[in-house]
Amino acid sequence: MKYTPTVGEILQAKGVSRRGFLKYCATTASLLALPPSMIPRIAAAIENARRPSVIWLSFQECTGCTESLTRSASPTVEGLIFDAISLDYHHTLQAAAGDQAEAARHAAMEENDGAYLVLVDGSIPMGNPGFSTIAGISNVDMLLDTVKGAAAVVAIGSCAAFGGLPGANPNPTGAVGVQDLVKDKPVVNVPGCPPIPTVMTAVLAQFLTFGTIPDLDKHGRPLAYFGNTIHDRCYRRPFYEQGKFAESFDDEGAKAGWCLYKLGCKGPTTYNACATVKWNQGTSFPIESGHPCLGCSEPKFWDKGGFYQPLSTGHFGSGATVAGAAVAGVALGVAAATAGKRRQDKYTKEA
Amino acid sequence: MDLLEFARGPALQFAALVLVAGTIWRIVGIVMLREKPDYSEPRASGGYLAALKVIWTRAFTADAFKKATLYPKIMAYGMHAGLFATVFLFTPHIVFFEGWTGFDWPGLPNSIIFFIGVATVVSGVALLVRRMTSPVLKLISNFDDYFSWFVTMLPLVTGLLIPVRALFRYEDLLAIHILSVCLMLVWLPFGKLGHTFLVFITRGTTGMVFERRGAKT
């Protein structure tokens, strides 16, 4: 039988120090809200885990999720963890193509039946199977065929989780998310446009450590990362409380780093870990760079009004509708007064 | 469509249309009512100046009633001033009005608005307790009084729950808050909350009639 190296052996071969590895485990435990006593268990589980087989399916997507996960300035522990999984099928990253690629997918499914993970990025078009195909197979057929023997499915990015941009109004392809189609397997949503790489690896770490998927919120997202709003954890929150807001992108308030609520920040209604985990090796996150949160980890975020429209702005419809209501009010008032006068006349005559 | 989208969209649209149509309906209906014939000789012209005078003087209590009405007057003024501040000086509300009218103005810090909001609810409760314990007020109060109080206090209470994240998540609390505002807007033209737009019309009319009859205003 072919020897499969453990994740620990692979990390060691890649030059990851014990200190660096334990630091990653401690971070993961902290992010998952686990007690420090669980750090050795996480370390042992990850070190001794055989490379889990992962099949990555890309459907209607922009490859931004893959870019997010693979692009790093220097190799990180998270990156190496990804090297350490057995990524048996990934359109963008694999060398094989056509029949060879499909053969690799089937081989991985047979060899790891019931134990492999399916990672999906991109939405699935239900309007017409021909809208998006791979090797002549429609996205929906490939998804349902692949998840049959999977241990769990992870929907990477907002497209796979909720339909995302392809599913935005008027949704020409009839795009849906993975959870709309896969009902008999555990589905974890890691939304974001793109999602945070650390969140992705932590979901895998939990799976490797405990063999379970993390606790999820009502949208199927790991609570450890999607339990708080961006607003709750935002370093600009004190400015919101003080009533100090940037009015435009280049005013004094923006330069002073004041709250971006008036510029359309969706932080108060967006659940994600951007404000705590941050991006680019913990460098910053969009609000720290001076741009309001778009709410990209929320369902249908493309259709929730303008990105730069403040959250408390109402949607009243057209002025013509309001004018129509005013005209109706005048008509009702005239009718009511006329009816009142007639009644008055009637009683006056009777008297 | 989630609850917040429903609240910000169709529910708010419906409430705005009912508010506009209902308010104009009430005003036009009242203005077009036939005036009672005045058979007495006018003591004065009873013009708009008389109307303005009564609108101003009725804002203050007559000397004879000052002592007896001091407590409800403080509470009522406190509640109305609090309502004004929480509605018009809270920045997210200003942003809401700006999206609607195109105008904006400076707001107060959230902590101050929160304090004002709590004080407003306290004064509202104090007024309700008085209404329910005073024999005279109890006798003349009906469903309209209590329901109008309820729909006024509901947006305040739901709004105060948002920053403390009580019971529900932020977006659900915000949706509930907006829906409570919608309920208030729909009720406003038809119940006693109609005094929002009728108060100056009725006081002005009283002033004009009283002056014509020679009453001291």
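The values are calculated or read from the model by the stated rules, or taken from the named source; none is laboratory data. The structure presented is a predicted model; accordingly, all values stated were derived computationally and were not measured. So basically every Cβ, Gly included, is an ideal-geometry build from the backbone, and we count neighbours across all protein chains shown.
Numbers at a glance
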{"item": "Residue satisfying all of: in segment A:39-52; touching a residue at least 40 places away in the same chain (Cβ under 8 Å) and part of a helix (DSSP H, G or I); surrounded by the fewest Cβ atoms within 10 Å (Cβ to Cβ) among these", "result": "A:N48"}
{"item": "Residue satisfying all of: in segment B:1-17; free of Cβ contacts under 8 Å to residues at least 60 places away in the same chain and part of a helix (DSSP H, G or I); nearest to the chain's Cα centre (by Cα) among these", "result": "B:L17"}
{"item": "Residue satisfying all of: in segment A:309-324; under 30 Å from A:P268 (Cβ atoms) and of a type in the set (A, V, I, L, M); surrounded by the fewest Cβ atoms within 10 Å (Cβ to Cβ) among these", "result": "A:V322"}
{"item": "Condition check for A:K278: at the interface with chain B (Cβ under 8 Å from one of its Cβ atoms), under 30 Å from A:S68 (Cβ atoms), surrounded by 13 or more Cβ atoms within 10 Å (Cβ to Cβ) and out of contact with any Leu (no Cβ under 8 Å at 6 or more places or on another chain)", "result": "no"}
{"item": "Residue in segment B:53-65 that is within 26 Å of A:G340 (Cβ to Cβ) and away from chain A (no Cβ under 14 Å) present", "result": "yes"}
{"item": "Top-ranked residue in segment B:41-67 [being surrounded by 12 or more Cβ atoms within 10 Å (Cβ to Cβ) and among the polar types (S, T, N, Q); ranked as nearest to B:I201 (Cα to Cα)]", "result": "B:T57"}
{"item": "Failed condition for A:G305, given (1) under 22 Å from B:I162 (Cα atoms); (2) modelled with pLDDT under 90; (3) under 17 Å from the mean Cα position of the chain (by Cα)", "result": "(3)"}
{"item": "Residue in segment B:18-31 that is hydrophobic (A, V, I, L, M, F, W, C) and either away from chain A (no Cβ under 14 Å) or assigned to a loop (DSSP other than H, G, I, E, B) (or both) present", "result": "no"}
{"item": "Checklist (1) away from chain B (no Cβ under 14 Å); (2) within 30 Å of A:P40 (Cα to Cα); (3) of a type in the set (D, E) applied to A:D217, failing item", "result": "(1)"}
{"item": "Residue that is nearest to A:L143 (Cα to Cα), among those in segment A:4-26 that are without any contact (Cβ under 8 Å) to a residue 12 or more places away in the chain and of a type in the set (S, T, N, Q)", "result": "A:Q12"}
{"item": "Verdict on B:R34 being touching a Lys or Arg at 6+ places or on another chain (Cβ under 7 Å) and within 14 Å of chain A (Cβ to nearest Cβ)", "result": "yes"}
{"item": "Single match in A:V334, A:V327 (criterion: within 7 Å of chain B (Cβ to nearest Cβ), exposed (fewer than 15 other Cβ atoms within 10 Å of the Cβ) and modelled with pLDDT of 85 or more)", "result": "A:V334"}
{"item": "One residue from B:G207, B:G214, B:G117, B:G194 being buried (at least 20 other Cβ atoms within 10 Å of the Cβ) and under 30 Å from B:S40 (Cα atoms)", "result": "B:G207"}
{"item": "A:G220 vs. criteria touching a Pro at 6+ places or on another chain (Cβ under 7 Å), touching a residue at least 24 places away in the same chain (Cβ under 8 Å) and at positive phi", "result": "no"}
